[in-house]
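What follows is a single structure, written as structure tokens, with notes after it.
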Amino acid sequence: MLKWAGGKRKLLPSMIERIPDNFNRYVEPFVGGGAMFFELRSRNLITGAVLSDVNSDLISLYTIIRDKPGQLIESLGDIDYGNNREDFNRAREEFNSDPLPVRKAALMIYLNRHCFNGLYRVNFSGKFNVPFGRYNNPVIPGKEQIMEVSGSLKNVDLKCCDFENSIREAREGDFVYLDPPYQPISETSSFTSYSSGGFGEKEQRRLAKIFRDASSSGVFLMISNSDSPLIRELYSDFKISNILAARNINSNGKGRGKINEVLITNY
Ligand SMILES: C[S@@+](CC[C@H](N)C(=O)[O-])C[C@H]1O[C@@H](n2cnc3c(N)ncnc32)[C@H](O)[C@@H]1O
């Protein structure tokens, strides 16, 4: 439902092919737009799930969609900002001024549909600062779509936390899918500021260590990342498959196009 940097829609067929045959709970610690979760759900491959992300506005939005879809639909109907830069800037200012949670969730959907590339980025004081996106005809999700997403989120445990907490909670037989911010292949392809923390080599190393720990506890793990030397080194003990993805995350036009991604599993 949300546009999200690093959204996995195009890679879903290759990923679904590689999920374990049988598993207990589904856990997704970098949920973002949740492309994998919603696909597994629509194919009835999972019932419940644990979804988490460090982005508190995102988790609060999903919680409102799950628990108060009617109020959210009403609040979306009350939004009268249009598709122009002045209105967009006013909506962004209102979002950053901490309105009530349902209103904030509705504004987040408006911003997601009208901002540049559907990005979510904050400045050092935690204020959303993505510029206007200039789309011809942005569509705000309607009642049916919100109700459908709300249905998919029933029985889902939503948490705002660092990936380490949710991976450590996974038990033997659970399936954890990890889609961290990618290790940049070149300096210009860096797009790691989803939240004020950033995600550099240190974070990739911390993640790889927790991946190994969870693997030795019998958890099924799958991780996607860019095909970079660091990632190949960190996961050299596991099964690494190449997949080609068309990505358009770079604002620098030259960086657009196909980059190699890897999908790594411990099974
Ligand atoms: C590549 S995106 C995930 C995209 C998602 N798979 C999709 O289909 O839209 C990475 C996500 O990781 C989150 N993130 C960044 N650092 C994190 C951390 N330390 N712990 C948990 N989540 C984090 C970001 O907020 C972002 O939503």
Calculated FRET efficiency for the pair N84/D157, C-beta based, R₀ 41 Å, to 0.05: 0.55
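Taking only DSSP H segments of four or more residues, each worth -39500 (n - 2.57), what value at 222 nm results for the chain once the sum is divided by all its residues, to the nearest 500 deg cm²/dmol?
On the way: 10 runs with 101 residues, N = 267.
Here the helix-only value at 222 nm equals -11000 deg cm²/dmol.
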Stretch gain in nm, segment E233-L45, where the contour uses 0.36 nm per residue and the Cα spacing is subtracted: 64.5 nm
DSSP bridge orientation in the chain - percent antiparallel, rounded to nearest 5: 55
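Taking only C-alpha pairs under 8 Å that are 6+ residues apart, what is the relative contact order of the chain in percent?
On the way: 446 pairs, mean separation 59.8, N = 267.
Relative contact order for the chain comes out at 22 percent.
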Ascending count of other beta-carbon atoms within 10 Å, so fewest first, for C161, C115: C161, C115
Label-point gap, in nm, between N165 and K68 - each point 7 angstrom along Cα→Cβ: 2.1
The chain: most fluctuating residue of S152, S125, S228 per GNM, C-alpha cutoff 10 Å: S125
Those aspartates and glutamates that a straight Cα-Cα span of less than 16 Å connects to K10, excepting residues fewer than 8 apart in one chain: E39, D179, E261
Simple spin-label estimate for L244 and M147 in nanometres, 7 Å along Cα-Cβ: 4.3
Estimated vicinal HN-Hα couplings, Hz - segment 38-53 in sequence order (Karplus 6.51, -1.76, 1.60; Gly, Pro = x): 5, 5, 4, 5, 6, 8, 6, 8, 9, 9, x, 6, 10, 10, 9, 6
³J(HN,Hα) computed for each position of segment 107-117 - Karplus, 6.51 cos²θ - 1.76 cosθ + 1.60, integer Hz, glycine/proline x: 5, 5, 5, 4, 5, 4, 7, 10, 8, 4, 6
Dipole magnitude of segment 67-147 about its Cα centre (Cβ charges: Lys, Arg +1; Asp, Glu -1), debye to nearest 20: 320
Greater than 25 Å apart at Cα, pairs in K3/K127; K159/K239; K154/K202; K68/K104; K8/K154; K3/K209: K159/K239; K154/K202; K3/K209
Helix axis angle, 69-78 relative to the chain longest principal axis, alpha carbon, degrees: 40
Simple label model, 7 Å out from Cα along Cβ direction - S125 to S56, nm: 1.6
Dipole of the chain, positive direction: furthest Cα of L45, N137, L158, with charges on the beta-carbon: N137
Most fluctuating residue given options R113, R66, R205, as computed from a GNM of the chain linking Cα atoms under 10 Å: R205
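Only the coordinates and a few stated rules stand behind these numbers; no lab work does. This structure is a prediction, so every number in the text was calculated from the model and none was measured. Positions of Cβ are backbone-derived with ideal geometry, glycine not excepted, and every protein chain shown enters the neighbour counts.
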